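The values are calculated or read from the model by the stated rules, or taken from the named source; none is laboratory data. As the structure is a prediction and not an experimental result, all values here were calculated from the model. Please note: Cβ atoms are built from the backbone with ideal geometry, for glycine as well, and neighbour counts cover all protein chains shown.
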Amino acid sequence: MAEEKSATDLPDRLSLDPRSEHFNEDVLKQGVGIRFNGQEKTNVEEYCVSEGWIRVSAGRSRDRYGNPMTLKLKGTVEPYIKPEHGFDQEPGEASEG
């Protein structure tokens, strides 16, 4: 069975923008999930655990350079590696949906 990585294996700060110095393609390929104040967030553009903030996209709004507009939210940030589909279930167990 594959070992699941803990939040300590993830970087303190990570960005989806390839132009950012905090972009890390290898980590993003693993499937990073974010829990923010206990809620699952799927629209996170960037996060920082030590400073306690995330950047989320603000709808379909764009700035004058074509980049998505973002909002900076402060709170408890918990990054984790998403389990691959099917590996977290027992044999014979049906998935929901």
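Tabulated data for the structure shown
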item	result
Residue match in segment 73-85 (condition: surrounded by 11 or more Cβ atoms within 10 Å (Cβ to Cβ), closer than 22 Å to Gln30 by Cα, modelled with pLDDT under 85 and charged (D, E, K, R))	yes
Of all residues in segment 40-59 being among the polar types (S, T, N, Q) and over 10 Å from the mean Cα position of the chain (by Cα), the one that is farthest from Thr70 (Cα to Cα)	Ser50
Residue in segment 52-71 that is at pLDDT 95 or above and either of a type in the set (Asp, Glu) or in contact with a helix residue (DSSP H, G or I) (Cβ under 6 Å, 6 or more places away or on another chain) (or both) present	no
Counted residues, segment 10-35 - those being touching a residue at least 24 places away in the same chain (Cβ under 8 Å), closer than 18 Å to Thr70 by Cβ and not in a loop (DSSP other than H, G, I, E, B)	5
